[in-house]
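Participant: Attaching a single structure in structure tokens format; questions to follow.
The values are calculated or read from the model by the stated rules, or taken from the named source; none is laboratory data. These numbers come from a predicted model, not from an experiment. Every residue, glycine among them, receives a Cβ derived from its backbone with ideal geometry; neighbour counts consider all protein chains shown.
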Amino acid sequence: MRLGDSNLWSDNDDHSAIEMEVADFIVHPNFVEPFAYFDVGLLRLPQKVTFSDYILPVCLPNIPVTDLDENEGSLVTLTGWGLQRNVDITTSADLRRIHIGIFSQLYVCICWFS
């Protein structure tokens with residue numbers, strides 16, 4: 001695997017990327033191809049990773065979230081190489097990033113189901 005990579009189709013796109021073997025992996029038990037639901041997993045690496053400006057850990061809650069709206073208004077950063085539906089339904093080669101605010105469940109329900 002490559003850590004710190006920003007382009008999926010180039011091996012020499014960043015001087016900051018490093019290659020590392022994967023010791024083990026766990027796929028989410030509810031993931032079923034070709035659907036994108038539960039498309040998350042865990043990788044166990046054979047050695048510690050040195051973090052940098054380009055290699056950072058994913059921040060996940062360490063306790064169950066009981067109030068789903070407690071972070072409403074907080075800004076989060078989303079990254080990925082996902083589909084570009086508004087372009088031509090292709091996967092981006094370049095890592096994409098967006099800063100977005102968290103909306104309350106009520107707001108989302110009103111927007112989608114009003």
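Participant: Taking the range 56-90 only, how many residues are modelled with pLDDT of 75 or more, under 30 Å from residue 18 (Cα atoms) and in contact with a Leu (Cβ under 8 Å, 6 or more places away or on another chain)?
Facilitator: Total meeting the criteria: 3.
Participant: Restricting to the range 19-53, name every residue that is of a type outside the set (A, V, I, L, M), part of a loop (DSSP other than H, G, I, E, B), modelled with pLDDT of 90 or more and under 22 Å from residue 8 (Cα atoms). So that I can check it myself, show each step before the final result.
Facilitator: Going residue by residue through the range 19-53, those that are of a type outside the set (A, V, I, L, M) are 19, 21, 24-25, 28-31, 33-35, 37-39, 41, 44, 46-48, 50-53.
After this cut, where a residue has to be part of a loop (DSSP other than H, G, I, E, B) as well, the list is 21, 28-31, 33-35, 37-39, 46-48, 50-53.
Remaining after also requiring modelled with pLDDT of 90 or more: 21, 28-31, 46-48, 50-51.
Those that are of a type outside the set (A, V, I, L, M), part of a loop (DSSP other than H, G, I, E, B), modelled with pLDDT of 90 or more and under 22 Å from residue 8 (Cα atoms): 21, 50, 51.
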